[in-house]
Amino acid sequence: MVSVFPWGAAGPGTSYGSLRLGTMDGGKEDPAVFTSTSLPSDPRLLATVTNAYLGTRVYRDVLHVNGVYNGAVGDTHRADIPSPINVRMTVPGADSPSETFTLNTWTGTFSHELRSTDYLATQHIYAHHSLVHLMAFSITIRRLTPTTRPISVQLQTPFVPKSQDLDLKQGPDFQGAHYVYGQTLVPEVEGGPRPTIHMLWTPVPRAVTLSGEEQERSWEFLTAVAESEEEAKRSYSHGLALVATGSLLPSHTCAWDTLRRGCSMDLDGPLPLQQALHGCLYYLLSAIPPQGSTGFLFHGISPGGLSNGTRGEDYWGHVFWDQDTWMFPNVLLFCPEAARAILEYRIRRLDGALHNAREQGYEGAKFPWESAATGREVCPEEIYGAQEIHVTGDVLMAFEQYYCTTQDQKLFREDGGWELVDAVARYWCSRMVWSEEEQCYHIRGVMPPDEHHCQVDNSVYTNAMAQRSLNFAADIARDFSIPVPEEWVDCAKKIKVPFDAEKKYHPEYDGYSPGEPVKQADVILLGFPLMHPMSPEVRRNDLEMYEPATEPDGPAMTWSMFAVGWLELKEVQRAQSQLNKCFSNITEPFKIWVENSDGSGAVNFLTGMGGFLQAVLFGYTGFRITKTSLRFDPAFPEDIDRMKITGVSYLGSKLKFTITKKEMRIKVTESPRDPVGSPLEAVLEASGQRFPLHGGQGVSFPTAAGWIQRATTETL
């Protein structure tokens, strides 16, 4: 069959032997490689293979494309595209080989092995990291004994080129590949876009056979998906060229390895914690654009990633505040270019946000609770879109964090960022009403992050977020010499942020009774990520008040934020007891997260993973992004001896932090490309001591609180 690509033992297929296995030097279990002899009984818990454009669960009959939805508002969902890579190896007969299934987060591949006394058959499945329009799998059969009998492996595939969401038509074969194309059936809004999908794939035979004279042979199967025929064919041809040189899979693993080496979190600590971190990084990094990607527009990250989002499944692939609040800070510190792509997604949806505000009778831009193709509200249940308005502030906080970390003025001056900031500020001002009785501004009739309560007045999180939005809008206007509307300053200064002066804690909203059950992290988010000004006593009281009131089986990200709060107060064991609750949301064997600990809710819950990563990346290190610095104040449990954070991005530099309980070392691994950019320095809070940070050099000092900032003239 001309469209299957065989290679002999001396050919390119042999390079697969270099893939990293599940043990490390010294025989220790590799915390980044998850291996099992069986698959989970619940297919939702199968490993996922995705890149920023394409994704699926292994052995699933559909795949999804980032930003391609079908259905009108209220019914719009990720369009199901039939998956040619849903192929599984089997060997019939009484002498069944042993099986292993492996997710290797170092190489970004899922592998299936069949091993008998005579042979080893290996399948690798992956979504190509840098060539985002390609997914692929390979089959390699290697003889283990000097026999000459043919060895056959059957390939089971239920693939049928049909979709409930696309009007697929068959086109002519291209370079040995089959070809279908078709439009989505129903646009999100009347007259809105109906994307066309073009897909080419290598036909899959019923079996592959290693002949008697062969010692090893590999077969490659490609799938190319794009929204234009030209891009699909270009990507498929590119894939063929890499197959011909034996470099398709190596080019993927090299790109993935480069990414992972450039952003890693390594702990000398308990194996389950190490595994959880590697799993979270794999799934989150799988969802973001690769460095230097210019071939497609990025359309955001949904709570279940690209592996989920079918109608009725995992929030239908919509984008929530989950992206901006829970996933974004990790992406920002490691991959600012990908963080910018997330913000550009929001900028391109600004027209939809302006429409949402007008529809509710307000000015400016109201970002939707659930966003899909247009930025208009697509939540099937009206109450959330109408009342859970904190999402608008969540979006702007991501812009603020990005600006403070990168000082990328171009995004705001030239690429639409300022228009978004201005529109959000105008929305908050129009959403407030003046209370003559209390002599302050109120925001009434909202649902806070705690979705057990609706139609409440003055949600403390929502109001504090509105205040932060207005302060940031005013700050950036001043930076750009734009006149600041007096209304912004007045509303920010006079908005009510509920506080009980007697009990010294923040009530969740007007009329909240202490101890009333709370669904998820809400008030505690004031401390982090909002960094709302408060004393350590108030921070402690908020944690003490809401920890027992929060639903034990609530969404997974909640406990991470309690952990961050306790770490701020140096209550390390209390922090760890909260973080340990997250492990009941991590499923075996592939470390897939479920939204709720009882297994319900979204699966491959990137929101929970984002919270967990923040508990380590921001909690253990004490990292805080401020207007003028990246602060640090490490605190971590007794069973962690050392942590190493590689690839932290700040003001164009890349930093590596190595922290023990006694010593902290910071090394600049990459300096800004702009030669006129100021170098950095580390400053210790207690002593004021300054340490210049030069490219390729490291500094060390006793572990303590401090910050990274642009170097001052006396340090240069």
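The values are calculated or read from the model by the stated rules, or taken from the named source; none is laboratory data. Quick caveat, the model's predicted, so the values are computed rather than measured. Quick reminder, even Gly has a Cβ in these numbers, built from the backbone with ideal geometry, and neighbours come from all protein chains shown. Heads up: the accessible areas ignore ligands, DNA and RNA and are worked out on the full protein's heavy atoms, side chains in. Shrake-Rupley method; radii C 1.70, N 1.55, O 1.52, S 1.80 Å.
If you go through region 432-472 and keep only what is among the charged types (D, E, K, R), over 31 Å from the mean Cα position of the chain (by Cα) and surrounded by 17 or more Cβ atoms within 10 Å (Cβ to Cβ), you end up with just Asp457. Only one of the numbered conditions (1) at pLDDT 95 or above; (2) touching an Asp or Glu at 6+ places or on another chain (Cβ under 8 Å); (3) buried (at least 18 other Cβ atoms within 10 Å of the Cβ) is violated by Leu271, and that is (3). The helices (runs of 4 or more DSSP H) found wholly in region 555-641 and carrying at least 3 residues that are surrounded by fewer than 23 Cβ atoms within 10 Å (Cβ to Cβ) occupy 572-580. The set of residues from region 411-428 being open to solvent by 10 Å² or more (accessible area, probe 1.4 Å) and under 21 Å from Gly385 (Cβ atoms) comprises just one member, Arg426. Cβ-Cβ contacts under 8 Å between residues 6 or more apart (or on different chains), taken from a first residue in region 665-683 that is modelled with pLDDT under 95 and open to solvent by 80 Å² or more (accessible area, probe 1.4 Å) to a second residue that is outside any loop (DSSP other than H, G, I, E, B) and not β-branched (Val, Ile, Thr), are listed as Glu670/Ser653; Glu670/Lys654; Glu670/Gly695.
If you go through region 321-334 and pick out every residue that is under 11 Å from the mean Cα position of the chain (by Cα) and either open to solvent by 10 Å² or more (accessible area, probe 1.4 Å) or over 18 Å from His390 (Cβ atoms) (or both), you end up with 4. When you look at Gln175, is it in contact with a helix residue (DSSP H, G or I) (Cβ under 7 Å, 6 or more places away or on another chain) and open to solvent by 30 Å² or more (accessible area, probe 1.4 Å), yes or no? Judged against the criteria, Gln175 is a match. I'd like to check something: does region 194-211 contain any residue that is over 25 Å from Gly352 (Cα atoms), among the small types (Gly, Ala, Ser) and free of Cβ contacts under 8 Å to residues at least 12 places away in the same chain? No, region 194-211 has no match at all. Filtering region 540-549 to residues that are closer than 16 Å to Tyr461 by Cα and either in a loop (DSSP other than H, G, I, E, B) or open to solvent by less than 10 Å² (accessible area, probe 1.4 Å) (or both) leaves Asp542, Leu543, Tyr546.
Conditions tested, residue by residue: (1) of a type in the set (A, V, I, L, M, F, W, C); (2) out of contact with any His (no Cβ under 8 Å at 6 or more places or on another chain); (3) open to solvent by 10 Å² or more (accessible area, probe 1.4 Å).
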position: Leu103; (1), (2), (3): yes, yes, no
position: Ser111; (1), (2), (3): no, no, yes
position: Thr117; (1), (2), (3): no, yes, yes
position: Ala127; (1), (2), (3): yes, yes, no
position: Ser130; (1), (2), (3): no, no, yes
position: Ile139; (1), (2), (3): yes, yes, no
position: Leu144; (1), (2), (3): yes, yes, yes
position: Ser152; (1), (2), (3): no, yes, yes
position: Gln164; (1), (2), (3): no, yes, yes
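The condition (being in a loop (DSSP other than H, G, I, E, B), at pLDDT below 95 and open to solvent by 20 Å² or more (accessible area, probe 1.4 Å)) is satisfied by just one residue among Gly27, Gly17: Gly27. Out of all the residues in region 268-278, is one or more polar (S, T, N, Q) and closer than 22 Å to Met561 by Cα? Within region 268-278, one or more residues are polar (S, T, N, Q) and closer than 22 Å to Met561 by Cα. Annotation: of all residues in region 363-384 being β-branched (Val, Ile, Thr) and outside any helix (DSSP H, G or I), the one that is least open to solvent (accessible area, probe 1.4 Å) is Val378.
Taken over region 651-664, the residue count meeting the criterion of being in a loop (DSSP other than H, G, I, E, B) and either in contact (Cβ under 8 Å) with a residue 60 or more places away in the chain or open to solvent by less than 10 Å² (accessible area, probe 1.4 Å) (or both) is 2.
So which residues in region 226-253 are in a helix (DSSP H, G or I) and either polar (S, T, N, Q) or modelled with pLDDT under 95 (or both), if there are any at all? Selection gives Ser235, Ser237, Ser251, Thr253.
Just the residues that are touching a residue at least 60 places away in the same chain (Cβ under 8 Å) and either buried (at least 23 other Cβ atoms within 10 Å of the Cβ) or under 21 Å from Val391 (Cβ atoms) (or both), please, taken from region 512-530. Once the filter is applied, which keeps residues that are touching a residue at least 60 places away in the same chain (Cβ under 8 Å) and either buried (at least 23 other Cβ atoms within 10 Å of the Cβ) or under 21 Å from Val391 (Cβ atoms) (or both), region 512-530 yields Val518, Lys519, Gln520, Ala521, Asp522, Val523, Leu525, Leu526, Phe528, Pro529, Leu530.
If you check Ser218, Ser138, Ser130 for being at pLDDT below 95 and in contact with a helix residue (DSSP H, G or I) (Cβ under 8 Å, 6 or more places away or on another chain), only one passes: Ser130.
Working carefully through the options Glu214, Glu220, find the one that is in a strand (DSSP E or B), of a type in the set (Asp, Glu) and crowded, with 16+ Cβ neighbours inside 10 Å.
Details: Glu214 fails: in a strand (DSSP E or B).
Of Glu214, Glu220, the one residue that is in a strand (DSSP E or B), of a type in the set (Asp, Glu) and crowded, with 16+ Cβ neighbours inside 10 Å is Glu220.
Of all residues in region 445-504, those that are without any contact (Cβ under 8 Å) to a residue 40 or more places away in the chain, more than 26 Å from Gln520 (Cβ to Cβ) and among the β-branched types (Val, Ile, Thr) total 2. Might you check whether a residue that is within 30 Å of Gly312 (Cβ to Cβ) and in contact with a Gly (Cβ under 6 Å, 6 or more places away or on another chain) occurs anywhere in region 448-460? The answer is yes; a qualifying residue exists. Inclusion of Gly300 among residues that are assigned to a loop (DSSP other than H, G, I, E, B), touching a strand residue (DSSP E or B) at 6+ places or on another chain (Cβ under 6 Å) and not charged (D, E, K, R) is warranted.
Of all the residues in region 179-230, those that are acidic (Asp, Glu) and closer than 24 Å to Gln154 by Cα number 4. In this structure, does Gly55 turn out to be touching a Ser or Thr at 6+ places or on another chain (Cβ under 9 Å), modelled with pLDDT under 95 and crowded, with 23+ Cβ neighbours inside 10 Å? No: the conditions fail for Gly55. Does Val648 meet the test of being in contact with a helix residue (DSSP H, G or I) (Cβ under 6 Å, 6 or more places away or on another chain), open to solvent by less than 20 Å² (accessible area, probe 1.4 Å) and either part of a strand (DSSP E or B) or not small (Gly, Ala, Ser) (or both)? Against the criterion (in contact with a helix residue (DSSP H, G or I) (Cβ under 6 Å, 6 or more places away or on another chain), open to solvent by less than 20 Å² (accessible area, probe 1.4 Å) and either part of a strand (DSSP E or B) or not small (Gly, Ala, Ser) (or both)), Val648 qualifies. Of all residues in region 335-355, those that are farther than 19 Å from Lys410 by Cβ, open to solvent by 10 Å² or more (accessible area, probe 1.4 Å) and either part of a helix (DSSP H, G or I) or at pLDDT below 95 (or both) total 3. Among residues of region 280-291 that are part of a loop (DSSP other than H, G, I, E, B), those with a beta-carbon under 6 Å from a residue that is of a type in the set (A, V, I, L, M) at least six positions away or on a different chain give the pairs Ala287/Ile301; Ile288/Ala52; Ile288/Val331; Ile288/Ala338; Pro289/Ala52; Pro289/Ala338; Pro289/Ala341. Would you pick out the residues in region 303-312 that are in a loop (DSSP other than H, G, I, E, B) and open to solvent by less than 40 Å² (accessible area, probe 1.4 Å)? Across region 303-312, the qualifying residues are Pro303, Gly304, Asn308, Gly309, Thr310.
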